[in-house]
Amino acid sequence: METFTFSRAADPAEAIMAGAAASTAQQGAEVRFVAGGTTLIDLMKLDVETPKRVVDINRLPLAKVERAPDGGLKIGALVRNSDLAHSADVQRDYPVLSEALLSGASGQLRNMATTGGNLLQRTRCIYFRNTDTPCNKREPGSGCSAIEGFNRNLAVLGTSEQCIASNPSDMNVALTALEATIVIQGVQGERRVPIGEFFLLPGDTPNRETVMQPGDLITHVLLPPPHPGARSHYLKLRDRASYEFALASAAVVLASEGGAIRHARVALGGVGTRPWRSPEAEAALLSKPATRATFAAASEAAVRGAKPYSQNGFKIELAKRCLTSALATATA
Amino acid sequence: MASNELTRRDMLTVAAVGTGALVGGSFSSEVASAAEPAKTGSGMMDISLRVNGAEHRLSLDPRTTLLDTLREHLHLTGTKKGCDHGQCGACTVHIDGRRVNSCLTLAAMAEGAEITTIEGLGDPDHLHPMQRAFLEHDGYQCGYCTSGQIMSATAMLKEQWGESDAEIKEAMSGNICRCGAYKNILAAIRQARKA
């Protein structure tokens, strides 16, 4: 691990000021906020992250889950994954989020990992995590080792010639299906970013993963009021039954009326370079009866355009089956 | 352990490290604020940690994890280093009663918290029910993962999990046992939960 100075932010303004001194908030940032540390400390040990300055934000007053005035939910950035998963509001109104959180990591890691930190979770691509190998995300222009290498766990949707790294988060997939909004405080004040615009596709700049700018501090995640009558579900498929990243996962929110689907939100995990919202699947579900045939058609639509690499072609079929099954469970 | 009690091991620790550990004392934090970062001539930080009820004042490189602090500076070697990347659970300790991976926690992040290690859970003369259950059910083979298993299991019983074996297995999936003593670990936890 490289050396750094450690300090503690007493209020958001102090953190923002410290962060604003960095030249980027993306890969290579000289200043990093630490909350749970489950991603950052891991990557610092691997010398993938080498901040000169680490600012502990754990004492900021951002650890509450509150009802929002519009009937939605206001989740503080420092709410731990375990607390969010067990929040009565989340379990009642947004079960897909609770299920996604509890399917991720371990009991210990969920006690540490935070809502804001999980939004910024980094890929598990082995080449990103190994500084001895080329990786365009870690070191722009060095090349992608994964496209011709070990890519079994990597993305089939949203990839580019520069990067096929998958986003590993479960929480982000549920938040995408729930149409969450990310509240960011920065040097210019507060802004609200829909989750669909928060994550960037790799394109030619896979080192840039989000819209975060130097000084930006995620303070809250907002969930809209639960859709009336909607049911939701998260299904995660992986190499072992627990404590493993998704090969494919699906978060669905569905409401039916009069024998037809009237509201559908679909997001896939484990297969995309970012949490993968599928408007194509949603369109294939709307106004259709909640049948296996409908779900199969929606699943076909969700992976249309998916690009298999040498080892991960199986993910396309797996994602389809995952989504079909999640939709069936949510409407059972 | 109550905060004003000291186990023999705590006394040995205090004596061994000679860092001026105090019992029941408190220190104002010397970690710099983000607005005014500390001058880092030596690169060391003054950090106070409360471990098993005893206060320890340490001078540490900011890179030092809680795990390395416990083992190398406080000589509380019951907490084990397995993967050092949050993947095996051998380093599990309690921070304010919740189980965490001490390998992914910087010591400085744990300042002001109540840290409990396996040494604070019980001792050979006063075993914690979970320790006794692991002994009775032979919940280990080589023993390397055991302190992490026990710390994880004791905290897990206070979390919101169901009664079934499947729930225990899921709740304990962050603790890997390379010897594969899972069957007996499960039996030990089942017994301790009834106690």
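The values are calculated or read from the model by the stated rules, or taken from the named source; none is laboratory data. In this text, all values refer to a predicted model and were calculated from it rather than measured experimentally. Neighbour counts are summed over all protein chains in view; Cβ atoms, including those assigned to glycine, are modelled from backbone coordinates with ideal geometry. The accessibility values were calculated without ligands, DNA or RNA, using every heavy atom of the protein model including side chains. Shrake-Rupley method; radii C 1.70, N 1.55, O 1.52, S 1.80 Å.
Some observations on this one:
- Other-chain or far-sequence residues with amide H under 5 Å of B:Asp123's (modelled H): B:His128
- A protection proxy built from the mean count of other Cβ atoms within 10 Å ranks the segments B:95-108, A:145-158, most packed first, as B:95-108, A:145-158.
- Residue-averaged beta-carbon neighbours from other chains (10 angstrom radius) around B:92-103: 4
- A:Arg292, A:Arg191, ranked by accessible area, largest first (probe 1.4 Å): A:Arg292, A:Arg191
- Using the Cα coordinates of segment A:106-185, the gyration tensor eigenvalues translate into equivalent-ellipsoid semi-axes of 26, 15, 13 Å, sorted from longest to shortest.
- Folded to 0 to 90 degrees: helix A:314-331 orientation relative to chain A principal axis, Cα: 60 degrees
- Leaving ligands and nucleic acids aside, the B/A contact buries around 3200 square angstrom of accessible area in total at a 1.4 Å probe radius.
- Taken one residue at a time, the phi angles of segment A:193-208 give Karplus couplings (6.51, -1.76, 1.60, θ = phi - 60°) of 10, x, 4, x, 10, 6, 9, 9, 6, x, x, 8, 10, x, 5, 9 Hz. Gly and Pro are set to x.
- Solvent-accessible area lost in complex, 50 Å² minimum, residues of segment A:25-47 relative to chain alone, 1.4 Å: A:Ile41, A:Lys45
- The distance linking segment B:81-104 with segment A:218-287 is 32 Å (Cα centroid to Cα centroid, whole angstrom).
- Percent of alpha-carbon pairs separated by more than 16 Å within segment A:5-56: 34 percent
- Residue-averaged beta-carbon neighbours from other chains (10 angstrom radius) around A:10-17: 2
- Solvent-accessible area per residue, Å², over the protein assembly as shown with all protein chains present [probe radius 1.4 Å]: 41 Å²
- Interchain or long-range residues, amide H under 5 Å from A:Asp56's placed H: A:Ser7, A:Arg8, A:Ala9, A:Val34
- ³J(HN,Hα) computed for each position of segment A:125-131 - Karplus, 6.51 cos²θ - 1.76 cosθ + 1.60, integer Hz, glycine/proline x: 3, 5, 7, 5, 8, 10, 6
- Bridgeable aspartates and glutamates around A:Lys315 (alpha carbons under 14 Å apart, same-chain partners fewer than 8 residues away excluded): A:Asp239, A:Glu300.
- Take each residue in A:50-60, count the other chain C-beta atoms within 10 Å of its C-beta, and the mean is 2.
- In this structure, the residue pairs whose Cα-Cα separation is over 30 Å, taken from A:Lys320/B:Lys81; A:Lys288/A:Lys320; A:Lys74/A:Lys236; A:Lys137/A:Lys320; B:Lys81/B:Lys183; A:Lys64/A:Lys236, are A:Lys320/B:Lys81.
- Here the peptides B:144-157, A:53-66 are ranked by packing, the mean other Cβ count within 10 Å, and the order with the highest first is B:144-157, A:53-66.
- Packing, taken as the mean count of other beta carbons within 10 Å per residue, orders the peptides A:202-212, A:220-230 from highest to lowest as A:202-212, A:220-230.
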